[in-house]
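Data block below; observations after.
The values are calculated or read from the model by the stated rules, or taken from the named source; none is laboratory data. Remember, predicted model here, so these are calculated numbers, not experimental data. Using ideal geometry, Cβ is built from the backbone for each residue, glycine included, and neighbour counts are taken over all protein chains shown. Keep in mind that these areas ignore ligands, DNA and RNA; they rest on the heavy atoms of the full protein, side chains included. Shrake-Rupley method; radii C 1.70, N 1.55, O 1.52, S 1.80 Å.
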Amino acid sequence: MIRAWIQKQSRWIAILHDILVIPVAWLGAYWLRFNLDGIPEESLMIAMQILPYVMMVQTVAYWYVGLYRGVWRFASIPDLLRIFRSVLIGITLSFGILYLTIRLQGFPRSILPLYGILLVLFLGGSRFAVRLIKDHRLWLHGGVRVLIVGAEQDGEGVVRDLLRNEAENYKPIGFVDDNKNKKGQEIQGVRVIGYISDIPKIVREREVKLIIIAMPSATAKEMRHIMQQCEGLGCMIRTLPGLSDLVSGRVSIDVLRAVSLEDLLGRDPVNLDWQAIHSAVAQKTVLVSGAGGSIGSELCRQIAKLNPTLLIVVERSEYNLFMLEQEFSEKFPNIKLQKCLLDVGDRVALEELFKQYHPNIIFHAAAYKHVPMLETQPREAVLNNILGTRCIAELALKFKVDKFILVSTDKAVNPTNIMGASKRVAEMICQSLNGIGSTEFITVRFGNVLGSAGSVVPIFKRQLEQGGPLTVTHPDITRFFMTIPEACQLILQALAIGAGGEVFVLDMGEPVKIKFLAEQMILLAGKKPGEDIEIRYTGLRPGEKLYEELFHSTEALETTAHEKIFEAKARDLNQNWLIEVLNALEMACHDCNEVRLRDLLQELVPELESRFQAGAVSV
């Protein structure tokens, strides 16, 4: 209780302390002036007469320079500078008072400099003594032993915050850093004791319980290297957010978080031309189909920040549309949002929507994407992914929409499944319509996104929660990955640079083995693959490929104005033939003739032929 009262009154205690050290420094100056001997009675009398004035002007100087803005336990160079300024102002004013009152008669000239030196020592020394005691209390009392990875400015900030934190008892035992010049140096009294490769040895020898990765600019490759060194050590591991998230500029243990999958699979930050993107979207009516899905909803969030006149969200799932509405009412209350519960294949409802709102830009993200499920549901794949795309694209052309962006997938390249084939046909539809009217049709093709609904990451998370096993179809199966926000930002960038007819391919980086993904998720959960959690191989599913491709061998790949976006030159297409086969597809859907549907898909996408003939997956 007494400690709590002292903490509450700490500011007034500090003020009282600073006032009381004024007479101590003043009389101490006299004592030094007379060689640590007794002060002559005449000089002592003059000193006591002047002291009230000195205390008054010095107290005013304290307030003037803002000496009490700082907190003693966080005393730093700015606080020391404020002390110097206040003392200098106090000496100057005291000199003026002495000159006006006694004309400096009988007043030793050395008193003021000595007084200033002593006052600075008392004010600064007490503050830094408090900080020293606070910062190094752990060396006396122990605590959670912490190893910091990264001996740069961010690491220094983490150590400083660890030492000041009273809520938790931490003891930083050292840094590791691969900069050879830093080994042996001390930061905030904590030594750089090794390299990142020394982490296992240091953890065992020094009984480390917590590893903090203080490298917000680390690449995914560097993070993977660090996590490999931490594998199986049984330590809790925390990291700082990325540089883009540390907007406040303050490094603190309050912002530490667990290492995420995005840290290990992410790539370098994407630099976007936000001015061009804003110009393309601002004051426009924008329609997003499939707005309740993973990509569609993130597109809506990104678009909402770009000041559209109206955002039209089209979604066939009532629940998804409701959740999107709830989110926007909280996060984007000022955005004009038009919610439409409808299917993109419903031409009548969609045409009424176009007549009423006349969208300028359409992002078509509505699609079924679950590969094994669509293998047994070809009619639904055709209805939604092909005929739905044809419906909304033809209406875009009819109502002179400025730009139509099709969200496609790497599975559309050399497809060996119904889902990929349906998306390839959707690309062909947009290609065939471009150039007929004023609408610019743009296709954006990319791979898997981390954490999207129904993807491997949420499945692994659920399996982990259940204690395993994590199911992987094949030890060698690989996929391309990027984060949902990155994918959506690059889609917006493609909108800004596209002029119609392009098939843009996003740079997905290196493919990742799903086995590696499973292992990392197990490690991030603090468990060991194969021991605590089993990885079980189940065999390739219907329509599944070992690896995906981002462009066809006949599509010449070219660079664009953006380093992360490439253009795949579209293959030649007979428009009349495409219309004829699409009409036949629509008739086969009407008749529920799945055999006919498969034949027509094979005609449209010849790559499917070998799989249908062999009854197996083509890789």
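In table form, for the structure just shown:
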read-out: Members of the range 176-186 that are surrounded by fewer than 18 Cβ atoms within 10 Å (Cβ to Cβ), in a loop (DSSP other than H, G, I, E, B) and either of a type in the set (K, R) or within 30 Å of the chain's Cα centre (by Cα) (or both); value: D178, N179, K183
read-out: Qualifying residues in the range 402-418 (those that are in a helix (DSSP H, G or I) and open to solvent by less than 10 Å² (accessible area, probe 1.4 Å)) - the one farthest from W577 (Cα to Cα); value: D410
read-out: Test for G189: is it more than 19 Å from D154 (Cβ to Cβ), open to solvent by less than 60 Å² (accessible area, probe 1.4 Å) and not hydrophobic (A, V, I, L, M, F, W, C); value: no
read-out: Close pairs from the range 369-386: first without any contact (Cβ under 8 Å) to a residue 12 or more places away in the chain, partner among the polar types (S, T, N, Q) and open to solvent by less than 10 Å² (accessible area, probe 1.4 Å), Cβ under 8 Å, at least 6 apart; value: none
read-out: Answer residue from the range 367-410, given it is of a type in the set (S, T, Y) and under 16 Å from E427 (Cβ atoms) and is modelled with the lowest pLDDT among those; value: T409
read-out: Cβ pairs under 8 Å, 6+ apart, first in the range 497-511 and open to solvent by less than 50 Å² (accessible area, probe 1.4 Å), second hydroxyl-bearing (S, T, Y); value: G500/T439; E502/T443; V503/S408; V503/T443; F504/T443; F504/T560
read-out: Condition met for D591 (open to solvent by 70 Å² or more (accessible area, probe 1.4 Å) and either at pLDDT below 85 or touching a Ser or Thr at 6+ places or on another chain (Cβ under 6 Å) (or both)); value: no
read-out: Qualifying helices (runs of 4 or more DSSP H) (wholly inside the range 295-380; at least 1 residues being among the aromatic types (F, W, Y), at positive phi and open to solvent by less than 70 Å² (accessible area, probe 1.4 Å)); value: none
read-out: Failed item, numbered, when L395 is tested on (1) part of a strand (DSSP E or B); (2) open to solvent by less than 20 Å² (accessible area, probe 1.4 Å); value: (1)
read-out: Lone qualifier among P485, P469 - being closer than 30 Å to I362 by Cα and either at pLDDT 80 or above or out of contact with any Cys (no Cβ under 8 Å at 6 or more places or on another chain) (or both); value: P485
read-out: One residue from Y68, Y99 being modelled with pLDDT under 80 and either open to solvent by 80 Å² or more (accessible area, probe 1.4 Å) or more than 24 Å from R160 (Cβ to Cβ) (or both); value: Y99
read-out: Unique match (being modelled with pLDDT of 80 or more and open to solvent by less than 40 Å² (accessible area, probe 1.4 Å)) among A75, A61; value: A61
read-out: Conditions (1) aliphatic (A, V, I, L, M); (2) open to solvent by 10 Å² or more (accessible area, probe 1.4 Å); (3) modelled with pLDDT of 80 or more: number failed by I477; value: (2)
read-out: Qualifying residues in the range 138-164 (those that are assigned to a loop (DSSP other than H, G, I, E, B) and either touching an Asp or Glu at 6+ places or on another chain (Cβ under 9 Å) or crowded, with 17+ Cβ neighbours inside 10 Å (or both)) - the one modelled with the highest pLDDT; value: G150
read-out: Looking only at the range 512-537, and only at residues there that are in contact (Cβ under 8 Å) with a residue 24 or more places away in the chain and in a strand (DSSP E or B), the one that is surrounded by the fewest Cβ atoms within 10 Å (Cβ to Cβ); value: R536
read-out: Verdict on I213 being out of contact with any Phe, Trp or Tyr (no Cβ under 9 Å at 6 or more places or on another chain), under 23 Å from Q520 (Cα atoms) and surrounded by 15 or more Cβ atoms within 10 Å (Cβ to Cβ); value: yes
read-out: Boolean, Q229 is at pLDDT below 80, in contact with a helix residue (DSSP H, G or I) (Cβ under 6 Å, 6 or more places away or on another chain) and open to solvent by 30 Å² or more (accessible area, probe 1.4 Å); value: no
read-out: Residue in the range 188-202 that is modelled with pLDDT of 90 or more, within 29 Å of the chain's Cα centre (by Cα) and under 17 Å from G143 (Cα atoms) present; value: no
read-out: Of all residues in the range 563-587 being touching a Leu at 6+ places or on another chain (Cβ under 7 Å) and small (G, A, S), the one that is most open to solvent (accessible area, probe 1.4 Å); value: A584
read-out: Failed criterion for W12 (all others in (1) under 46 Å from the mean Cα position of the chain (by Cα); (2) open to solvent by less than 80 Å² (accessible area, probe 1.4 Å); (3) free of Cβ contacts under 8 Å to residues at least 60 places away in the same chain hold); value: (2)
read-out: Residues located in the range 275-294, provided they are in a helix (DSSP H, G or I) and open to solvent by 10 Å² or more (accessible area, probe 1.4 Å); value: Q275, A276, H278, S279, A280, S294
